[in-house]
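Take a look at the structure below.
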Amino acid sequence: QVQLVESGGGLVQAGGSLTLSCAVSGGTFSMYAMGWFRQAPGKEREFAAAISWKGGSTYYEDSVKGRFTISRDNAKNTLYLQMNSLKPEDTAVYYCAATTSLRTILDNAAAEYWGQGTRVTVSS
């Protein structure tokens, strides 16, 4: 059973930075495309970023382009999300997700495996 555990969330002022991590166990990490999703209070979960198996391709939701960077370390079975220039509207619970097909994330905003989420709060 694949398990995903996020960490790195917290409270930060607008304009600040945070780096989220997602540790993956129970599967072959390098075989999964990975993604970050987020769910703001009172809103549905939405796609934020995705990365291909080897990290050669990355994708971002328009509102985070240029501010967020998704990356992975296949030797450490870990996914990252570097978040810079944070805004109050970035406040959300952030979830990492794993899928055998990158199109599942990009076309359907779905995945086979999900973490429990880590909360990010950006104060104004």
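No lab work stands behind these numbers, since they all come straight from the coordinates. This structure is a prediction, so every number in the text was calculated from the model and none was measured. Neighbour counts run over all protein chains shown; Cβ positions are idealised from the backbone, glycine included.
Being of a type in the set (Ser, Thr, Tyr) and in a strand (DSSP E or B) is the filter here, so list the residues in the stretch 1-26 that pass it.
Matches in the stretch 1-26: Ser7, Thr19, Ser21, Ser25.
Could you please let me know if Trp36 is aromatic (Phe, Trp, Tyr) and under 14 Å from Tyr95 (Cβ atoms)?
When the stated conditions are applied, Trp36 passes them.
Might you check whether a residue that is farther than 28 Å from Ser123 by Cα, touching a residue at least 40 places away in the same chain (Cβ under 8 Å) and loosely packed, with under 14 Cβ neighbours inside 10 Å occurs anywhere in the stretch 4-23?
Looking for residues that are farther than 28 Å from Ser123 by Cα, touching a residue at least 40 places away in the same chain (Cβ under 8 Å) and loosely packed, with under 14 Cβ neighbours inside 10 Å, one finds none in the stretch 4-23, hence no.
Does the stretch 112-124 contain at least one residue that is touching a residue at least 40 places away in the same chain (Cβ under 8 Å) and in a helix (DSSP H, G or I)?
So far as the stretch 112-124 goes, no, none of its residues is touching a residue at least 40 places away in the same chain (Cβ under 8 Å) and in a helix (DSSP H, G or I).
Taking only pairs six or more apart or across chains, which ones have beta-carbon atoms under 8 Å, a first residue in the stretch 50-62 that is more than 13 Å from Phe29 (Cβ to Cβ), and a second residue that is small (Gly, Ala, Ser) and outside any strand (DSSP E or B)?
Within 8 Å, the pairs are Thr58/Ser52.
Does the stretch 89-107 include one or more residues that are over 16 Å from Glu6 (Cα atoms), in contact with a Leu (Cβ under 9 Å, 6 or more places away or on another chain) and of a type in the set (Phe, Trp, Tyr)?
For the stretch 89-107, residues over 16 Å from Glu6 (Cα atoms), in contact with a Leu (Cβ under 9 Å, 6 or more places away or on another chain) and of a type in the set (Phe, Trp, Tyr): absent.
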